[in-house]
1. Just wondering, is there one or more residues in the range 132-145 that are surrounded by 18 or more Cβ atoms within 10 Å (Cβ to Cβ), within 26 Å of E73 (Cα to Cα), modelled with pLDDT of 95 or more and within 16 Å of the ligand (Cβ to nearest atom)?
2. Taking the condition among the hydroxyl-bearing types (S, T, Y), surrounded by fewer than 19 Cβ atoms within 10 Å (Cβ to Cβ) and out of contact with any His (no Cβ under 6 Å at 6 or more places or on another chain), does Y33 pass?
3. Cβ-Cβ under 9 Å, sequence separation 6+ or interchain: first residue in the range 131-158 and in contact (Cβ under 8 Å) with a residue 12 or more places away in the chain and within 22 Å of F110 (Cβ to Cβ), partner away from the ligand (no atom under 12 Å from the Cβ) and β-branched (V, I, T). Which pairs?
4. Is one or more of the residues making up the range 18-27 touching a helix residue (DSSP H, G or I) at 6+ places or on another chain (Cβ under 7 Å), within 10 Å of the ligand (Cβ to nearest atom) and closer than 22 Å to A192 by Cβ?
5. Looking at (1) modelled with pLDDT of 95 or more; (2) more than 9 Å from the ligand (Cβ to nearest atom), which one does S2 not meet, given that it meets all the others?
6. For the range 120-131, give me each residue that is more than 13 Å from Q38 (Cβ to Cβ), part of a helix (DSSP H, G or I) and in contact with a helix residue (DSSP H, G or I) (Cβ under 9 Å, 6 or more places away or on another chain).
7. Quick one: would you say R90 is more than 28 Å from E24 (Cα to Cα), free of Cβ contacts under 8 Å to residues at least 40 places away in the same chain and away from the ligand (no atom under 11 Å from the Cβ)?
8. Got a sec? Which helices (runs of 4 or more DSSP H) wholly within the range 154-255 have at least 3 residues that are of a type in the set (D, E) and surrounded by 13 or more Cβ atoms within 10 Å (Cβ to Cβ)?
Amino acid sequence: MSQVTLYHWEPNANSGKPMLALAEKGVAFNSHYIDMLQFDQHKPEYLAVNPQGTIPAMTHGDRVLTESTAIMEYVDNAFDGPELMPADPRDRWRIRWWMKFMDQWLAPSFSMIGWSMFVGPSVRQRDPAELEAAIERIPLPERRVAWRKAIHGSFSAEEMAESQRRVGIGIGMLEEELAKRAWLASDQYSLADVNGFNLAYAIPLSQPELSNDEKTPHLLEWLRKIYERPATRQTWAMGRTDMVKRVAILEREPA
Ligand SMILES: N[C@@H](CCC(=O)N[C@@H](CS)C(=O)NCC(=O)O)C(=O)O
């Protein structure tokens, strides 16, 4: 059996997607933690795996796989375990619709807010010359821009407002969709739920005005149900930073 190694940061956003998919499938993997805040993703050892210097990446035997959503699909197809893509073509279309919408339109806005509130403040007290040298080593120019803005707190008011607008729309769309069925995109738990949980698990904490038991009951119930799954517990227990501890907001009150 070929070994699986996952290079990942926290169970959050892109890294959390393949972590949770592997756990749902019951696939044992070597966990290689990349400390994003220490810039491990730009060190030569990791660039030998993924020259773009972004996480996650996965190896399966001699195959190297990148792009979190595509990795999840690979995991679902390559291994036994519960199917995370139903057979029905319309369900498959809906799952891919949601994943495309989240990855392309919604996640970058969540990411901008997260980078300005967590990533920037976590590193900006370090020596400026060291930080600038670290940024210079980043292979992708767009990631250099994101790091500079996060460190210097220079996301513009317009781009932050646009991100907040998209988050508001996204929350409304999730609530509307989750009122229709138990899971986001089909009647069975799927990759869309894995993807969506990674994006949305902290919404009740970060957006309490927009998402709470009164305004978005279906969204809250969906998040809590996913958090109760053994694979989710196991995956979030692998987190090391305060950021992922936000998941505790999803614990149900004792009856
Ligand atoms: N589209 C890629 C995006 C990967 C990505 O940009 N990941 C972020 C973390 S969520 C990253 O590696 N950031 C590191 C950096 O910018 O230095 C995917 O979904 O895998």
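The values are calculated or read from the model by the stated rules, or taken from the named source; none is laboratory data. No experiment lies behind these values; they were computed from the predicted model shown. All Cβ positions, glycine included, derive from the backbone under ideal geometry; neighbour counts span all protein chains shown.
1. no
2. Values: among the hydroxyl-bearing types (S, T, Y): yes; surrounded by fewer than 19 Cβ atoms within 10 Å (Cβ to Cβ): yes; out of contact with any His (no Cβ under 6 Å at 6 or more places or on another chain): yes.
Yes; evaluated as a whole, the condition is true for this residue.
3. Listed by first residue and then by second, the contacts come to F155/I113.
4. Checked against the condition, which is being touching a helix residue (DSSP H, G or I) at 6+ places or on another chain (Cβ under 7 Å), within 10 Å of the ligand (Cβ to nearest atom) and closer than 22 Å to A192 by Cβ, the range 18-27 yields at least one hit.
5. Only one criterion in (1) modelled with pLDDT of 95 or more; (2) more than 9 Å from the ligand (Cβ to nearest atom) is unmet by S2, namely (1).
6. Within the range 120-131, G120, P121, P128 qualify.
7. So R90 fails the test.
8. 157-178
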